[in-house]
Amino acid sequence: MLSRIRTAFKFLAWGLLLGLLFAPRSGAETRRRVVQWVTRRLETAFGRVLRVTESGRPTQR
C-alpha cells in the first residue's frame, strides 16, 4: 500500500515538473500563478480550520 502511494507521489512530482518546464507562459508568470494558487488554497484551508475551531463543528462545502 505504501509503495503505491509513494509511486503516485513520484508521478505527481514528475507531472508537475514537466508541466512547469513546458508551460506556454514565461517562468515569472508561471511562478506568480503558482504562488497565487497555493495562497488561495491555504487561505481557504485555514479559513475552514478557523471556522471549525470557533464553531466547534465541521462546515459543509
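Only the coordinates and a few stated rules stand behind these numbers; no lab work does. The shown structure was predicted, so the numbers you read here are calculated from the model rather than taken from an experiment. Glycine also receives a Cβ, built like all others from the backbone with ideal geometry; neighbour counts cover every protein chain displayed.
Residues being surrounded by fewer than 10 Cβ atoms within 10 Å (Cβ to Cβ), assigned to a loop (DSSP other than H, G, I, E, B) and either free of Cβ contacts under 8 Å to residues at least 60 places away in the same chain or in contact with a helix residue (DSSP H, G or I) (Cβ under 8 Å, 6 or more places away or on another chain) (or both) are entirely absent from region 46-53.
Regarding GLU43, is this residue in a helix (DSSP H, G or I) and under 13 Å from the mean Cα position of the chain (by Cα)? Considered against the rule, which asks whether it is in a helix (DSSP H, G or I) and under 13 Å from the mean Cα position of the chain (by Cα), GLU43 comes out as yes.
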